[in-house]
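What follows draws every value from the coordinates through simple rules; no lab data is involved. Since the structure is predicted, the reported quantities are computational estimates derived from the model, not experimental observations. No Cβ is skipped: glycine too gets one built from the backbone with ideal geometry, and neighbour counts run over all protein chains shown.
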Amino acid sequence: TRSCAILLSGGGSNMVQLVKSMAEAGHPARPVLVMSNDPGAGGLARAQAMGVATDAVDHRPFGKDRAAFEAELTARLEAAGADLICLAGFMRVLTEGFVRHWEGRMLNIHPSLLPKYRGLHTHARALDAGDAEAGCTVHEVTPALDDGPILGQARVPILSGDTPESLAARVLVREHELYPACLRRFAAGERHPIYLN
Ligand code: GAR
């Protein structure tokens with residue numbers, strides 16, 4: 001059984017779905033820690049309510065010293081026994097050192113159809129481009145931002161009258177399907193991507 005930690009910065013709706021999925025019979029991973037860079041993140045309370053251990057390392061006292069912040073993250077992740085990390089709305093860019101340490105053991109979900117729209121404001125950018133569809137991607141984390149082998153994608157239509165908010169809500173529903181499916185496959189050793197339509 002893999003020991004999975006989930007890193008988040010916000011409300012943690014993806015984290016909730018990942019934790020619920022790991023309770024399924026025969027799941028190859030279990031949740032050992034939910035960790036945030038924001039001690040006030042709503043996701044921490046939601047994890048506690050589900051009986052999952054939580055921790056926070058506030059990034060602010062570290063200032064520009066990302067390496068020191070990340071060393072603290074890694075120390076606490078390893079103390080919890082984590083051997084698999086799911087980034088789930090974790091809004092800090094990670095340095096190459098941290099990524100290399102966890103390479104092959106760290107997944108991310110990104111709210112676009114990568115390789116389109118790496119970075120922020122993905123939904124507004126898809127709307128501005130006049131795209132007919134949008135979606136989300138789960139991928140292995142490598143040092144380049146929102147890059148790395150794709151493990152799965154789900155697509156949604158863009159509808160006339162969509163705003164970044166309405167599109168984000170439609171994509172989020174699919175994130176909640178896609179991420180648990182990709183985690184389960186990855187933890188079982190499967191590396192071929194899945195494409196949900
Ligand atoms: C999700 O839409 C996720 O794809 C996105 O943040 C949201 C977190 O929601 N991640 C990124 O933008 C990463 N750069 P949640 O806290 O409810 O899971």
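Expressed to the nearest 5 percent, the antiparallel share of DSSP beta bridges inside the chain is 35 percent. For Met91, nonlocal amide neighbours, meaning residues 5 or more places apart or on other chains whose placed amide H falls under 5 Å from its own, are Ser9.
If the Kirkwood radius is taken over C-alpha pairs of the stretch 76-166, then at 4 °C and 1.567 mPa s the Stokes-Einstein diffusion coefficient equals 91 µm²/s.
Dipole size of the stretch 18-75 about its Cα centre, with +1 on Lys/Arg Cβ and -1 on Asp/Glu Cβ: approximately 140 debye, rounded to the nearest 20.
When +1 charges are put on Lys and Arg Cβ atoms and -1 charges on Asp and Glu Cβ atoms, the dipole computed for the chain relative to its Cα centre reaches about 260 debye. Scanning residues 5 or more positions from Leu151 or on other chains, those with amide H under 5 Å from its amide H are Val138, His139, Glu140, with H placed 1.01 Å from N in the peptide plane.
For the stretch 51-97, taking the reciprocal of the average inverse distance between every pair of different Cα atoms yields a Kirkwood hydrodynamic radius of 11.8 Å.
Over the stretch 1-44, the reciprocal of the mean inverse Cα-Cα separation, the Kirkwood hydrodynamic radius, stands at 10.8 Å. Given the options Ala49, Pro39, Phe69, identify the residue whose Cα lies farthest towards the positive end of the charge dipole of the stretch 1-77 (+1 on Cβ of Lys, Arg; -1 on Cβ of Asp, Glu). Of Ala49, Pro39, Phe69, it is Ala49. The shape of the chain can be summarised by an equivalent ellipsoid whose semi-axes, obtained from the alpha carbon gyration tensor, come to 26, 19, 16 Å from longest to shortest. Within the listed set Asn37, Asn108, Asn14, the residue fluctuating most in the Gaussian network model of the chain (springs between alpha-carbon atoms under 10 angstrom) is Asn37.
Among Met50, Met35, Met91, which one shows the biggest mean-square fluctuation in a GNM of the chain, springs joining Cα atoms closer than 10 Å? Maximum among the listed residues: Met50. Backbone geometry of the stretch 83-93 corresponds, through the Karplus equation with coefficients 6.51, -1.76 and 1.60 at θ = phi - 60°, to 3J(HN,Hα) couplings of 10, 7, 10, 10, 7, 9, x, 8, 9, 10, 6 Hz, x marking Gly and Pro.
Summed over all non-identical Cα pairs, the Kirkwood treatment of the stretch 1-84 gives a radius of 13.1 Å. Panel order for Thr54, Thr95, Thr1, by other beta carbons found within 10 Å of each beta carbon, from fewest to most: Thr1, Thr95, Thr54.
Would you mind ranking Arg92, Arg30 so that the residue whose beta carbon has the fewest other beta carbons within 10 Å leads the list?
Arg30, Arg92
The amide H of Val34, built 1.01 Å from its N in the peptide plane, has Ile6, Ala53, Thr54, Asp55 as neighbours under 5 Å, considering only residues 5 or more places off or on other chains.
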